[in-house]
Amino acid sequence: MIQMKINPEMKIELDLTSKKLSREVITLLPEVFKEGNSFCCLLGPDPQEGIFGCGDTPEEAISDWENSLRKRIEHPSEKDEVAQYVIDSLNTHKKDVW
């Protein structure tokens, strides 16, 4: 899967040891970045094809992204490369944990 390249100056680094982050965020590592007055969270090539969330804070952007993620993988099409990547990654991670 192709990940959109984000200007390093715009990126927000996540504390991957934080207990506030979901398993999905820790496993998939979406990009969190500031764009204008908003914060965005993206996994994929761009906001249209990828899984995207936004908000007034990084936490709100991540929460919006998690909602978009759940909706996207509920009924994915076989042609949805991003959704298939997410499903495969989460299933692989689950097996590694057990």
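In this structure, is residue 68 more than 11 Å from the chain's Cα centre (by Cα) and within 14 Å of residue 25 (Cα to Cα)?
Criteria not met by residue 68.
When the residues of the stretch 34-49 are narrowed to those that are touching a residue at least 40 places away in the same chain (Cβ under 8 Å) and crowded, with 22+ Cβ neighbours inside 10 Å, which ends up farthest from residue 23 (Cα to Cα)?
Residue satisfying both the conditions and the ranking: 44.
If you go through the stretch 1-23 one residue at a time, how many are touching a helix residue (DSSP H, G or I) at 6+ places or on another chain (Cβ under 8 Å), aliphatic (A, V, I, L, M) and closer than 19 Å to residue 52 by Cα?
Taking the stretch 1-23 first, the residues touching a helix residue (DSSP H, G or I) at 6+ places or on another chain (Cβ under 8 Å) are 1, 12, 14, 16, 20-23.
Remaining after also requiring aliphatic (A, V, I, L, M): 1, 12, 14, 16, 21.
Narrowing the set further to residues that are closer than 19 Å to residue 52 by Cα leaves 1, 12, 14, 21.
The number of residues fulfilling the criteria is 4.
Only one of these is out of contact with any Lys or Arg (no Cβ under 7 Å at 6 or more places or on another chain) and free of Cβ contacts under 8 Å to residues at least 60 places away in the same chain: 62, 12. Name it. If you could, list the steps in order and put the result at the bottom.
Numbers: 12 fails: out of contact with any Lys or Arg (no Cβ under 7 Å at 6 or more places or on another chain).
Step by step, each of 62, 12 is checked, and only 62 is out of contact with any Lys or Arg (no Cβ under 7 Å at 6 or more places or on another chain) and free of Cβ contacts under 8 Å to residues at least 60 places away in the same chain.
If the requirement is being under 16 Å from residue 89 (Cα atoms), without any contact (Cβ under 8 Å) to a residue 60 or more places away in the chain and open to solvent by 30 Å² or more (accessible area, probe 1.4 Å), which of these qualifies: 70, 23?
70
The values are calculated or read from the model by the stated rules, or taken from the named source; none is laboratory data. Because the structure is predicted, anything quoted here is derived from the model rather than measured. Backbone-built Cβ (ideal geometry, glycine too); neighbour counts: all protein chains shown. Surface areas here come from the heavy atoms of the whole protein model, side chains and all, with no ligands, DNA or RNA. Shrake-Rupley method; radii C 1.70, N 1.55, O 1.52, S 1.80 Å.
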